[in-house]
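The values are calculated or read from the model by the stated rules, or taken from the named source; none is laboratory data. Source: prediction; values computed, not measured. Backbone-built Cβ (ideal geometry, glycine too); neighbour counts: all protein chains shown. Remember, those area values only see protein heavy atoms, side chains included, never the ligands or the DNA or RNA. Shrake-Rupley method; radii C 1.70, N 1.55, O 1.52, S 1.80 Å.
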Amino acid sequence: MRSSPEISSAEAAELLDELTAIVARASSLIRAISPAGVPHRLKPDQSPVTAADVASEVAILQGLARLLPDVPVVSEEMASRTAAPALDGSFVVVDPLDGSREFLAGSDEFTVNLAIVTRGTPIAGIVANPNRGKVWRGIVGGKAERLRLLEDGADQAQRIHTRRWPDEGAIVSLSRSHLDPLTDAFVSRLGPVTRSPSGSAIKFCQIAEGAADVYPRLATTCEWDVAAGHALLVAAGGIVTDPQGAHLIFGRAEQNFRVPAFIAWGDPIKAASIAI
């Protein structure tokens, strides 16, 4: 089987505007679909798949086929239908609609996520929030920024960066739909903090722009839920590790692209001071 090409951070930076345009067009399709009465089905894990998920995925896969025809793609909906491609170089990870439950409930806490992963590590990430009209993106070793989301791109870029762990008023971003007992116990150990529940990869964005400080998820999730936020947060000065402080490895097809647990920190110094 032919090896997939490798994309460097510098090459990813050159692709960033075109990748953002692909995500923006998918976001426009989602906005055009009303959650009221939208057709959907439940997957074996009981997570919903809607017509908006499907429309977004089709648009993104078509865009990537034109822009990066030789680069493998791992997408949430496609992963359950086809065998995993060879992932020994670089590949793209896509969640066409992260937060389908929130979308169906009429909330705006859902995102479109796209990441480039090279040698198991996310090097570029884009997270768009269609209904809030925002997109966050970052290149590891380069910059992180928040932009206004347009129909076919983005503008009004503002550089963003994580913040030092505050002496008072630390904010913990938590999953609105998937808070588990281990995560709850971890948060209790952090001392006086404010809990901020949210859906989807928005939690990574909040930390990347200095509006929150840590996002723990000590229960299983999937690579497409994490990869784009991982790259964005690292680009903004943060760190994402497993609970023991080790780096996460992406492209684990043999594990069904599962991430057993992770903690996303805005302040790497604070992360190093916490023992699990």
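Of the residues that sit in the stretch 119-156 and are assigned to a strand (DSSP E or B), of a type in the set (V, I, T) and under 17 Å from G237 (Cβ atoms), which one is most open to solvent (accessible area, probe 1.4 Å)?
Taking the stretch 119-156 as the starting set, the residues that turn out to be assigned to a strand (DSSP E or B) are 121-129, 134-139, 144-149, 154-156.
Next cut, of a type in the set (V, I, T) only: 121, 123, 126-127, 135, 139.
If we keep only those that are under 17 Å from G237 (Cβ atoms) too, we end up with 121, 123, 127, 139.
On the way: T121: 63, I123: 19, V127: 0, I139: 11 Å².
Here the residue is T121.
Of A227, A212, which residue is touching a residue at least 40 places away in the same chain (Cβ under 8 Å) and in contact with a helix residue (DSSP H, G or I) (Cβ under 7 Å, 6 or more places away or on another chain)?
On the way: A227 fails: in contact with a helix residue (DSSP H, G or I) (Cβ under 7 Å, 6 or more places away or on another chain).
So the residue among A227, A212 that is touching a residue at least 40 places away in the same chain (Cβ under 8 Å) and in contact with a helix residue (DSSP H, G or I) (Cβ under 7 Å, 6 or more places away or on another chain) is A212.
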### the stretch 196-216: number of residues that are among the charged types (D, E, K, R) and open to solvent by less than 30 Å² (accessible area, probe 1.4 Å)
2
### Message
If I go through the stretch 16-72 residue by residue, how many of them are touching a Phe, Trp or Tyr at 6+ places or on another chain (Cβ under 7 Å), open to solvent by less than 30 Å² (accessible area, probe 1.4 Å) and in contact (Cβ under 8 Å) with a residue 60 or more places away in the chain?
### Response
2
### Query
So how many residues does the stretch 157-195 have that are assigned to a loop (DSSP other than H, G, I, E, B), open to solvent by 100 Å² or more (accessible area, probe 1.4 Å) and either closer than 21 Å to T111 by Cα or without any contact (Cβ under 8 Å) to a residue 60 or more places away in the chain (or both)?
5
### Task
Return a yes/no flag: does the stretch 78-93 have any residue that is out of contact with any Asp or Glu (no Cβ under 8 Å at 6 or more places or on another chain), touching a residue at least 12 places away in the same chain (Cβ under 8 Å), among the polar types (S, T, N, Q) and open to solvent by 10 Å² or more (accessible area, probe 1.4 Å).
yes
### Message
Please determine whether any residue of the stretch 32-49 is at pLDDT 95 or above and in contact with a strand residue (DSSP E or B) (Cβ under 6 Å, 6 or more places away or on another chain).
### Response
no
### Cβ-Cβ under 9 Å pairs, at least 6 apart or on other chains, the stretch 256-273 side more than 15 Å from H230 (Cβ to Cβ), far side part of a loop (DSSP other than H, G, I, E, B) and of a type in the set (D, E)
D267/D213; K270/D213
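Of everything in the stretch 75-96 that's among the β-branched types (V, I, T) and modelled with pLDDT of 95 or more, which residue is nearest to P5 (Cα to Cα)?
Of the stretch 75-96, the ones among the β-branched types (V, I, T) are 82, 92-94.
Then drop every residue that is not modelled with pLDDT of 95 or more, which leaves 92-94.
Values: V92: 11, V93: 15, V94: 18 Å.
The extreme case among them is V92.
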